[in-house]
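Take a look at the structure below.
Read-outs throughout are calculated quantities, based only on the coordinates presented, and are distinct from any laboratory measurement. What you see is a predicted model, and the numbers here were worked out from it, not measured in a lab. Cβ placement follows ideal geometry from the backbone for every residue including glycine, while neighbour counts extend to all protein chains displayed.
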Amino acid sequence: MKKRNGQPEIWMPITYVRGEYRLDGRYKIESGMITVSCANGTKMTQAGGTPPDSLARLILSEMVDASAEG
């Protein structure tokens, strides 16, 4: 995918592991927002001061928990 300015979007891989459960996803930071995408969907929030990989892993874990409840 490309951004509006013609530059490619840069997605970083992220993996969430709980016991034997593993979920691979990806995240990007753009305009102060972090977007996390995986097989369970996509979620976006403000990036804040938390390191991006830690925040992405936390969001991914929340997505796993939400899909298990759902």
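Couple of notes before you dig in:
- Selection from Leu23, Leu58, Met33 lying farthest towards where the dipole of the chain points positive, charges on Cβ: Met33
- Estimated vicinal HN-Hα couplings, Hz - the range 7-23 in sequence order (Karplus 6.51, -1.76, 1.60; Gly, Pro = x): 7, x, 6, 10, 9, 10, x, 9, 10, 10, 10, 9, x, 8, 7, 9, 10
- Between amide H atoms placed 1.01 Å from N, distances below 5 Å from Ala47 occur with Met33, Ile34, all of them 5 or more places distant or on a separate chain.
- Summed side-chain charge close to Ala39 - residues other than Ala39 whose Cβ falls under 12 Å, Lys, Arg +1, Asp, Glu -1: +1
- Evaluated with a Cβ-only charge set (Lys, Arg +1; Asp, Glu -1), the chain carries a dipole of roughly 340 debye about its Cα centre, given to the nearest 20.
- Which labelled figure in (i) -0.92, -1.32, -1.40; (ii) -0.74, -1.07, -1.25; (iii) -0.77, -1.00, -1.13 is log10 I(q)/I(0) by the Debye sum over Cα atoms at q = 0.19, 0.24, 0.27 Å⁻¹, once derived from the coordinates: (ii)
- On Cα atoms only, tilt of 52-69 relative to the major axis of the chain in degrees: 50 degrees
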